[in-house]
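Undergrad: This is the structure I want to talk about, given as structure tokens.
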Amino acid sequence: MSWSSTTARPHLPRNTEDKFPSLLKGGGGNPLDKAEDLLDDGLPDDAAELLRTLINENRAGLLTRQLCVRALIAGQRLDAALDAAKAAYELHPGLAPAALTLGEALLALQNLPVAIAEFQRAIRLDPKLEEAYVKLSQAWLEAGESAKALEALEPLKTHPAYSRLAQQAQAIGHQQRSDAGYIRHLFDQFSADYDTRMRGQLGYAAPEILRGLAELIGLHFTTHEILDLGCGTGLSGAAFAD
């Protein structure tokens, strides 16, 4: 999965150093602690400003980038949060917290299918990352899938969030839902720009990879029939059209 690394840096107010002079010059405490305090005080924009300054000065690790994404989400700057999460994932593609953070940004934008996939990716990368199970359960709840939400919670019976999420899942499970309404809502939000998201944001290239493998083994397309058992996007058909 990859994204362009040419995204323009976010504009930062000129008075950033005036607000946090000692922190930005290496003194006066830990900037991450200050950012967390700002979030606790209900000042997510100030927290994001401080953290993005550290990022732009190349003084940020994954933890700083995670906290920045969460500050942007708290401030309802959701597109900026997604951009920051993508950048973090580009730098740390094999780390579970990076996948978790990307999932959080996608969940905030109600892009449930991809958010769920990222939380599942985080769990595969680090099965002990409890927060990924919590977020996966929340995403399934928002999708109306109570059984899957409870399944995601199974490893977390001693986690503080277990009782709350389990009660929500049970409540949803007892509600009558339409036969296809929740599915339609889930996929309608994803279908309008499916190709753009899959090809651009997620770097999906399975059809081209399969085409390359087929050519590598000398498969002649004019003498073989191909059955695509995918999800019906038609992308493999285009790759094998000749």
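The values are calculated or read from the model by the stated rules, or taken from the named source; none is laboratory data. This structure is a prediction, so every number in the text was calculated from the model and none was measured. Cβ placement follows ideal geometry from the backbone for every residue including glycine, while neighbour counts extend to all protein chains displayed. Quick note on the areas: whole protein, heavy atoms, side chains included, nothing else; ligands and nucleic acids left out. Shrake-Rupley method; radii C 1.70, N 1.55, O 1.52, S 1.80 Å.
Undergrad: If we scan segment 133-147, do we find a residue that is within 22 Å of Leu112 (Cα to Cα), open to solvent by 40 Å² or more (accessible area, probe 1.4 Å) and modelled with pLDDT under 80?
TA: no
Undergrad: Same structure, new question: Looking at segment 88-181, what helices (runs of 4 or more DSSP H) fall wholly within it and have at least 1 residues that are out of contact with any helix residue (DSSP H, G or I) (no Cβ under 9 Å at 6 or more places or on another chain)?
TA: Ranges flagged: 162-174.
Undergrad: Okay, next question. Looking at Gly61, is it open to solvent by less than 60 Å² (accessible area, probe 1.4 Å) and at pLDDT below 90?
TA: Spelling it out, Gly61 is indeed open to solvent by less than 60 Å² (accessible area, probe 1.4 Å) and at pLDDT below 90.
Undergrad: Just for segment 68-81: of the residues that are among the aliphatic types (A, V, I, L, M) and open to solvent by 20 Å² or more (accessible area, probe 1.4 Å), which one is farthest from the chain's Cα centre (by Cα)?
TA: Taking the candidates together, the pick is Ala74.
Per-residue answers, yes or no, for (1) assigned to a helix (DSSP H, G or I); (2) at pLDDT below 75; (3) closer than 29 Å to Leu107 by Cβ; (4) open to solvent by 40 Å² or more (accessible area, probe 1.4 Å):
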site	(1), (2), (3), (4)
Arg197	yes, yes, yes, yes
Gly203	no, yes, yes, no
Pro207	yes, no, yes, no
Leu213	yes, no, no, yes
Leu219	no, yes, no, yes
Thr222	yes, yes, no, yes
Gly232	no, yes, yes, yes
Gly237	yes, no, no, yes
Asp242	no, yes, no, yes
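Undergrad: Only one residue in Leu129, Leu100, Leu95, Leu125 is closer than 19 Å to Arg65 by Cα, under 10 Å from the mean Cα position of the chain (by Cα), buried (at least 16 other Cβ atoms within 10 Å of the Cβ) and modelled with pLDDT of 90 or more, so which one is that?
TA: Leu100
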